[in-house]
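I have placed the structure first, in the form of structure tokens, so that the comments after it can refer back to it.
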Amino acid sequence: MTCPRCQEAEASSERCPRCGVVVATYLAALEKMRRTPAPRPSAPAAPLVPAAASGGVYALSFHGHAGTLFGIQIVNMLRALLTLGGYYFWGKARVRSYVFGQTALEGDRFAYHGTGGELARGFARAMAFFILPVIALNLLPRLLGAGPLLERSAQLLGYVVVSVFMPIAAVGAHRYRLSRTSWRGIRFSFRGRTRDFVKLFIGGSMLTTLTLGLYYPVFDTRRRAFMVAHAHFGNRPFGFDGNGRQLLLPFVVAVLLTVPTLGLGWFWYVARKRRYFWEHTTFDRARFRSTVTGRLLLNLVGGNVLLLMVTLGLGWPWVLVRNARFACDTVRLAGALDLAGVVQAPQSEAATGDALSTFLGMDVGIA
Amino acid sequence: MATVFAAHYLDGQTPVRRRASVRVAATGLEIAVEGGATLWWPLGAIRQTQGIYAGEQIRLERGGAMPETLLVDDPALLVTLRGIGAAGRRFRGPRRPSLRVLVTALAALAVVAVGGALHVWGIPAASSVVASILPVSWEDRIGRAAVAQLAPSERRCLDPALQATVDAIVARLVVRAPDTYRIRVTIVDHPAVNAFAAPGGHIVVLRGLLERTRTPEELAGVLAHEIQHVYHRHPTRLVVQHTSAGLLAAAVAGDVSALMAYSLEAARILGTLRYSRQYEAEADAAGLRMLATARVDPRGLSSFLGQLVPAEKGAPPTLAYFASHPATAERITTLQRLAAEVRDTPTPIVTSRDWKDIARLCGA
């Protein structure tokens, strides 16, 4: 029979070989959705499918406790020590799973589906194809006694490899993390092509250099636009309609005020940028809103730095919880949100980009 | 014990969340979905992905990549599941708060204990194995890179008379030593009283130390000590040890981006590292034997250290050599005892000019 979702002709009665949908369940769900909206008496935390036309404000919330996270972290550290670091990946998956599971949209928790094994395999691939070659390029010429010319060229090649891998890593990490995140059982996904982002990244970097940094806010916005506009919830895409021009003036002001404000002026720019990014992000007919301000951001970061300093780094779980609460408290989704018609879209992504981005110190945050 | 629980059911294909009621049976869960069919989940096919931490919703999944999901708020479900026998025992609920605190505290203690054991025994033992299998040519390159960093060419003392004198002392010391390493001494124009060995036979002596020596025998004592560090591969072990400790710390703390930095910075941190007391004692004893074999007065090193001792309390920062060699008084006593056991009569080191003049050639 033909698959009702992707129109694959070879679909058996059970499961479609191409998109993986369970045909019977899918048809039943479609049928049910056609019958909705049925009146639902006293929905517990959130409506099953928010009424399409009415519009509303949908809040994020974080329910995690730093004490629990601290316990997880300590046990992770112990296991990592006992395995000479090998447990690291499983520990990381455990922390992510806890943090995602404590984050909710309209009372429904997110879920993280990544595993330590995936992260370890991603690490191994990143090690083989990127990290070892870069280390070798830096160290081998010296260890083998090659001349200074060869040493310099090898180092230069190392820099080129790193800069080409940066956008690849960013896309890879974003793709992997979204594919392992779900809400109400529906996975997120990223469908942007890596080479398009590499082009955008290299072009943007060059333009930023040529314009002495002036192009940076636009470049920053275009990267965000790429990441958001190719993200999907199930089969439905997110949207992004900003071009970054409105950030130009705040950016110039932040640059000019760097010295007089001892750099603190940048908090206001970053807050402005975050608001701009969220306010240009849409899903369906709903639009995100952000209430982050420079002062709030300064308080958050100042508190975090103080916390980490006083506890010699052990306060990290409290910092993580503060950040998560802050991110959830300052972001809302407002407007008409119609989830009818959203269906699962299958995917399988490797964690190589995730490992790479961690190496390059460029973790992609959603806030 | 309750066997029926309120739940929500997600089919894994649409974001529609349906109310359901779950009945726990001996071999599985019977799920009655509101307005839908009744489902049967055998216990063996169910995964628990959430609900082991306090305040977490219980999340049970069934199926492959796009699983069906059951969400239950009441933690009593897990208690019921665990009560039905072996098949239910793999479902875990949150620990009691008191037990959780106890487990965290015990884990923290264990982290300190295991971390300490690895630091004190595990990593040094592993480093010594790695250092012993590293080819000498690699050690030489690492050492050369370290010297290039720590003794940039514009700060080196290139006075030929001074270099020739130092080289002659080294040649006399190593005459009966195995030729695994070629010892090269670099003198740097820096006021600190310090000298250190880099892997592969590279030794750096700072002007401050040279000027503090009163006789060529004192310098020979210091050089013999540093040469023995090289022969015992102490600097190589230290680099490996520092790197692996850093890697482990990075892996445990979760800072993977530091891994690469550690790998690349390995050779650059020499000179800021401290040898253990055992390494110092080893280099002292072997250095003294080297002096005796070369018929150089073995009291040189102890006499040099002795003149620094009064400065031990409140030592100025320039006396870095001193600071990196702990328990100096104890070492002097041991060195003096060992020197007294040497039977051969020493032959003085003859230099072309007065030693004071030679030692000051660097800053001139």
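Here are B:Ser303, B:Ser244: which of them is modelled with pLDDT of 85 or more and in a helix (DSSP H, G or I)? It would help to see each step written out before you state the result.
Working: B:Ser244 fails: modelled with pLDDT of 85 or more.
Matching residue, one of B:Ser303, B:Ser244: B:Ser303.
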When you scan the stretch A:164-184, do you find a residue that is touching a helix residue (DSSP H, G or I) at 6+ places or on another chain (Cβ under 8 Å), small (Gly, Ala, Ser), surrounded by fewer than 23 Cβ atoms within 10 Å (Cβ to Cβ) and more than 10 Å from chain B (Cβ to nearest Cβ), even just one? no
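Has the stretch B:167-190 got any residue that is aromatic (Phe, Trp, Tyr), surrounded by fewer than 23 Cβ atoms within 10 Å (Cβ to Cβ) and in a helix (DSSP H, G or I)? Let's see the steps before the verdict.
Filtering the stretch B:167-190 down to residues aromatic (Phe, Trp, Tyr) leaves B:181.
Those left that are additionally surrounded by fewer than 23 Cβ atoms within 10 Å (Cβ to Cβ): B:181.
Restricting the remaining residues to those that are in a helix (DSSP H, G or I) gives none.
No, the conditions are met nowhere in the stretch B:167-190.
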For B:Ala54, all conditions in the list (1) at the interface with chain A (Cβ under 8 Å from one of its Cβ atoms); (2) surrounded by 18 or more Cβ atoms within 10 Å (Cβ to Cβ); (3) not charged (D, E, K, R) hold save one; what is the number of the exception? (2)
B:Ala261, sole failed condition from (1) modelled with pLDDT of 90 or more; (2) of a type outside the set (D, E, K, R); (3) closer than 19 Å to B:Gln149 by Cβ: (1)
Could you list, ordered by first residue, the pairs with Cβ atoms under 8 Å in which the first is in the stretch A:64-84 and over 26 Å from A:Leu105 (Cβ atoms) and the second is at pLDDT 90 or above and among the β-branched types (Val, Ile, Thr), at least 6 apart or interchain? A:Asn76/A:Val95
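Would you mind stating whether B:Leu109 is touching a His at 6+ places or on another chain (Cβ under 6 Å), modelled with pLDDT of 85 or more and at negative phi?
Numbers: touching a His at 6+ places or on another chain (Cβ under 6 Å): no; modelled with pLDDT of 85 or more: yes; at negative phi: yes.
For B:Leu109, the condition - touching a His at 6+ places or on another chain (Cβ under 6 Å), modelled with pLDDT of 85 or more and at negative phi - is not met.
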If you go through A:Thr83, A:Thr2, A:Thr25, the only one that is facing chain B (nearest Cβ under 8 Å) and modelled with pLDDT under 90 is A:Thr25
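Consider A:Ser189 carefully, then state whether it is crowded, with 23+ Cβ neighbours inside 10 Å, at pLDDT 85 or above and either more than 21 Å from A:Leu119 (Cα to Cα) or of a type outside the set (Lys, Arg) (or both).
Working: crowded, with 23+ Cβ neighbours inside 10 Å: no; at pLDDT 85 or above: yes; either more than 21 Å from A:Leu119 (Cα to Cα) or of a type outside the set (Lys, Arg) (or both): yes.
Judged against the criteria, A:Ser189 is not a match.
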Yes or no: the stretch A:139-148 includes at least one residue that is at the interface with chain B (Cβ under 10 Å from one of its Cβ atoms), under 30 Å from A:Gly185 (Cα atoms), crowded, with 17+ Cβ neighbours inside 10 Å and touching an Asp or Glu at 6+ places or on another chain (Cβ under 8 Å). no
Checking B:Thr38 against (1) surrounded by fewer than 21 Cβ atoms within 10 Å (Cβ to Cβ); (2) more than 8 Å from chain A (Cβ to nearest Cβ); (3) under 11 Å from B:Phe91 (Cα atoms), which test does it fail? (3)
Filter pass, A:Asn304 being within 30 Å of A:Gly71 (Cα to Cα) and surrounded by fewer than 18 Cβ atoms within 10 Å (Cβ to Cβ): no
Out of A:Gly107, A:Gly101, A:Gly117, A:Gly86, sole residue that is surrounded by fewer than 17 Cβ atoms within 10 Å (Cβ to Cβ) and closer than 30 Å to A:Val57 by Cβ: A:Gly107
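The values are calculated or read from the model by the stated rules, or taken from the named source; none is laboratory data. Please read these numbers as outputs of a predicted model, since none were measured by experiment. Cβ coordinates were reconstructed from backbone atoms using ideal geometry, including for glycine residues, and neighbour counts include every protein chain displayed.
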